[in-house]
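The values are calculated or read from the model by the stated rules, or taken from the named source; none is laboratory data. A quick note: this is a predicted structure, and the numbers were derived from the prediction, not measured. We place every Cβ from the backbone using ideal geometry, glycine too, and count neighbours over all the protein chains shown.
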Amino acid sequence: MEKVAILANGGDVSGFNAVIRGIVKTAEQNNIKCYGIIEGYKGLLENNFVELNSYTNASGILDKGGSIIGSSTNANVFNYKVEENGETVYKDLSDICVENAKKDGFDCIFTLGGDGTQKSARDLYLKGLNVIGVPKTIDNDVACTDITFGYNTAVSVAMEALDRLHSTGETHHRVMVLEVMGRYAGWIALESAIAGGGDVALIPEIPFDIDKVADKIKERISKGKRFSLVVVAEGAMPKGGEVTVKGTRDNGSGVDNTKLGGIGEKVAAKLQELTGLEARNTTLGYMQRGGTPTAFDRVLSTKYGAKAMSLALEGKFGVLAVLKNGKLDSVPLEDVVGENKKIGAVSGNTKESNLRRVTMDDDLVKTARCIGICLGD
């Protein structure tokens, strides 16, 4: 093994650079050159890359947010948007990616990303590329691993927001609603509610009854607590209802083109009506993604980077580096994609995707119920 390459794909998270650093340093310890592909799969398609060195451009990045090699959120090379004769068409350009990687002599490509990124990685592996995935997403919903890098930082940011909303809510006797990310999985909402003293946590896995939420707030009022903290995942929905869609985009068929957002405002308005307390919503948005990673994420990301490079040295390709029961391991990307089997058919975040969601027997759910957090059911 002589040359390896790293690509970061999907939404940015704190910890991208720590993973890159972990791979680069481990590669250098074994006299292997490391390269960064610019802007994810888009860069692989355009053959755009730069050499990385821990003494120059990959130095001092452990605490840096974002990605020094960029990332792409809409580059499905199996269904790529191109302009032809003034019209937008979608083409399978994945063979160009395979040709570029082989021509450049990359012995392995590390794919840092979530469900969609790893689906494309599995598909490129079946087309002949040596790939190793590293699980990234603040939603913590990548299958087959206990935790993704970037998640802990997102929870910490949400917790700090709740700490600040607590003082405002208590001062003005208000219901303070915090909308956090979490399209299909409620990990951020649930864990930040526990960490930040939330009274209600509404997650995608449990369709909520707004009257039950109002009853919880009224109970607090009857006991002298004239304020409440409500955490809502962006993908939460009422019983018998649908997710709240902010807009749509055109990234081709086979991907989730919906942009969620707005459920926090709806919940706040309804709770104000039902409880008699003023209610205000704060949508945390991209604050959860950016900035300095926590110590936990710095260590986890470094561990993932070192493990991924070690897997490459062992010749174990077509796998995802994972953390299971506190120990680093790997699983086949086939297991990660689950039922999403057909090459290039869908890129992730679809009904066929094998996402890791909150289950009702999870310790976080049990803990929340034990301490009286209302889950809307």
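Restricting region 43-79 to residues that are in contact (Cβ under 8 Å) with a residue 40 or more places away in the chain and among the aromatic types (Phe, Trp, Tyr), the residue that is nearest to residue 19 (Cα to Cα) is 49. Being among the hydroxyl-bearing types (Ser, Thr, Tyr) and free of Cβ contacts under 8 Å to residues at least 24 places away in the same chain: is that true of residue 167 here? Yes; evaluated as a whole, the condition is true for this residue. Looking only at region 308-327, residues that are touching a residue at least 24 places away in the same chain (Cβ under 8 Å) and closer than 18 Å to residue 131 by Cβ come to 13 in all.
Exactly one residue out of 15, 10, 36 is surrounded by 20 or more Cβ atoms within 10 Å (Cβ to Cβ), closer than 22 Å to residue 290 by Cα and modelled with pLDDT under 95, and it is 10. Here residue 115 passes the criteria (1) modelled with pLDDT under 95; (2) over 22 Å from the mean Cα position of the chain (by Cα); (3) not aliphatic (A, V, I, L, M) except the one numbered (2).
Every test in (1) without any contact (Cβ under 8 Å) to a residue 60 or more places away in the chain; (2) part of a loop (DSSP other than H, G, I, E, B); (3) not acidic (Asp, Glu) is passed by residue 266 save one, and that test is (2). Any residue in region 133-148 that is part of a strand (DSSP E or B) and of a type in the set (Lys, Arg)? Yes - at least one qualifying residue is present in region 133-148. Could you list, in sequence order, the residues of region 306-345 that are polar (S, T, N, Q) and loosely packed, with under 15 Cβ neighbours inside 10 Å? Correct list: 325 only. Of the helices (runs of 4 or more DSSP H) lying entirely inside region 149-223, the ones with 3 or more residues being closer than 23 Å to residue 11 by Cα are found at 151-172, 187-195.
Among the residues of region 3-62, those that are in a strand (DSSP E or B) and among the aromatic types (Phe, Trp, Tyr) comprise 35, 49.
Results for (1) under 30 Å from residue 33 (Cβ atoms); (2) outside the structural domain of residue 206 (by TED's automatic domain parsing), shown as yes or no for each residue.
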{"residue": "279", "(1), (2)": "no, no"}
{"residue": "284", "(1), (2)": "no, no"}
{"residue": "328", "(1), (2)": "yes, yes"}
{"residue": "353", "(1), (2)": "no, yes"}
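The single condition from (1) surrounded by fewer than 24 Cβ atoms within 10 Å (Cβ to Cβ); (2) over 23 Å from the mean Cα position of the chain (by Cα); (3) touching a residue at least 60 places away in the same chain (Cβ under 8 Å) that residue 27 fails is (1). Contact map, region 359-377: residues that are at positive phi paired with residues that are part of a loop (DSSP other than H, G, I, E, B) and among the acidic types (Asp, Glu), Cβ distance under 8 Å, separation 6+ or inter-chain. Pairs shown: 372/199; 376/209.
If you check residue 235 against the conditions, is it touching a Phe, Trp or Tyr at 6+ places or on another chain (Cβ under 6 Å) and assigned to a loop (DSSP other than H, G, I, E, B)? Criteria met by residue 235. Note on region 133-157: residues that are of a type in the set (A, V, I, L, M, F, W, C) and within 15 Å of residue 303 (Cα to Cα) total 3. Highlighted here are the strands (runs of 3 or more DSSP E) found entirely within region 63-119 that include at least 1 residues which are aromatic (Phe, Trp, Tyr) and surrounded by fewer than 19 Cβ atoms within 10 Å (Cβ to Cβ): 87-91.
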